[in-house]
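Structure, as structure tokens:
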Amino acid sequence: MNEGYLPIGRFARLCRLSVKQLRHYDELGLLAPAHVDPDSGYRYYRPDQARAALLIGLLRSLDVPLPSIGRVLSDGTDALGGVRDRMEADLARRERNFAALERILSHGLPRSEVTVVREPARRVATVRDTTSQERIGAVTSANVARLMAAVNAMGVGGEPEGTVGVTGGPTGTPIGLFPLDLTREIAVTIAVETSADVPGTSPDVLPGGLYASVTHVGPYDQISLTTHALFAWLGERGHTPDGPLHEVYVSDPRTTSPDRLVTHLMIKLEDPE
């Protein structure tokens, strides 16, 4: 054996890795040994492979997935941009979950007051999109802005200024419509009541009838807590939801602090036969 090669045990100690890890990285194609003894199967490494081995160890300590490490080894650190973005999104999700748990610890499990209201059918302009559950907040906000910009450019609201629209909110209040079944691809519809045709949107009608309604006060990313209370109320009373969940965004987030945002949650009930 060439004296320039290092046996796997010595190489592992040099690179602060275990023999098992090195074998695993070889199986994945991340770091192949420089030589494998054909009789014993024993692995040997060159000293200049230490830099790659140490890089693998460093990136694993930073929770970089092994497939991404393979791209770093072949393409350089530019491949880490996507890893950083995914970590940032995961951190934001964990922060939202932590805040929701803090609210439950402070105020207990949500038991918001639910009322039953009769709503008329409403003509609306809509924009639609699909997204993942992780991006639903960002996509909803973007489409609310898109729809309201289109409506404001027309200078229409469908009713005289100052009149009352959905569940006590002013006419022109955006409404998010979300399916009851949250699959991998979630259909998001944003609607606003208007009697005019708005370019770049699709006309639709929100059906009238009986709706269970509850008010959420607080950040949008904690709406799920009040949604839980609404569905618990439905289940306890044997109601069958009929149609998507409506989120009526009463407050303007540009001028209202997150803890004071008011959102009405509504879901249509099956009319009794």
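Residue by residue, here is whether (1) surrounded by 14 or more Cβ atoms within 10 Å (Cβ to Cβ); (2) touching a residue at least 60 places away in the same chain (Cβ under 8 Å) holds:
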residue	(1), (2)
V19	yes, no
Y25	yes, no
Y45	yes, no
G82	no, no
R94	no, no
S112	yes, yes
Residues satisfying the stated conditions in region 179-238, i.e. crowded, with 18+ Cβ neighbours inside 10 Å, among the hydroxyl-bearing types (S, T, Y), in contact with a Gly (Cβ under 7 Å, 6 or more places away or on another chain) and farther than 26 Å from R103 by Cα: T194
Filter region 241-253 for residues that are touching a Leu at 6+ places or on another chain (Cβ under 7 Å) and part of a loop (DSSP other than H, G, I, E, B); which is surrounded by the fewest Cβ atoms within 10 Å (Cβ to Cβ)? P253
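I'd like the residue in region 187-201 that is assigned to a strand (DSSP E or B) and within 12 Å of R123 (Cβ to Cβ) and, out of all such residues, is nearest to the chain's Cα centre (by Cα).
Kept after step one, since they are assigned to a strand (DSSP E or B), are these residues of region 187-201: 187-193.
Remaining after also requiring within 12 Å of R123 (Cβ to Cβ): 191-193.
Numbers: A191: 21, V192: 23, E193: 27 Å.
Step by step, filter region 187-201, then rank; the result is A191.
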Go through region 67-85 and give me each residue that's out of contact with any helix residue (DSSP H, G or I) (no Cβ under 9 Å at 6 or more places or on another chain) and either in a helix (DSSP H, G or I) or at pLDDT 85 or above (or both). S74, D75, T77, G81, R84, D85
Determine if region 260-268 includes at least one residue that is over 24 Å from V127 (Cα atoms), surrounded by 15 or more Cβ atoms within 10 Å (Cβ to Cβ) and assigned by the TED database to the domain that holds D181. no
Looking only at region 53-67, decide whether some residue is surrounded by 15 or more Cβ atoms within 10 Å (Cβ to Cβ) and within 16 Å of Y5 (Cα to Cα). yes
May I ask you to say which residue of A50, A32 is in a loop (DSSP other than H, G, I, E, B), on the phi < 0 side of the Ramachandran plot and either of a type in the set (G, A, S) or in the same structural domain as S68 (by the TED database) (or both)? A32
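The values are calculated or read from the model by the stated rules, or taken from the named source; none is laboratory data. This structure is a prediction, so every number in the text was calculated from the model and none was measured. Note that we place each Cβ from the backbone using ideal geometry, even for glycine, and neighbour counts take in every protein chain shown.
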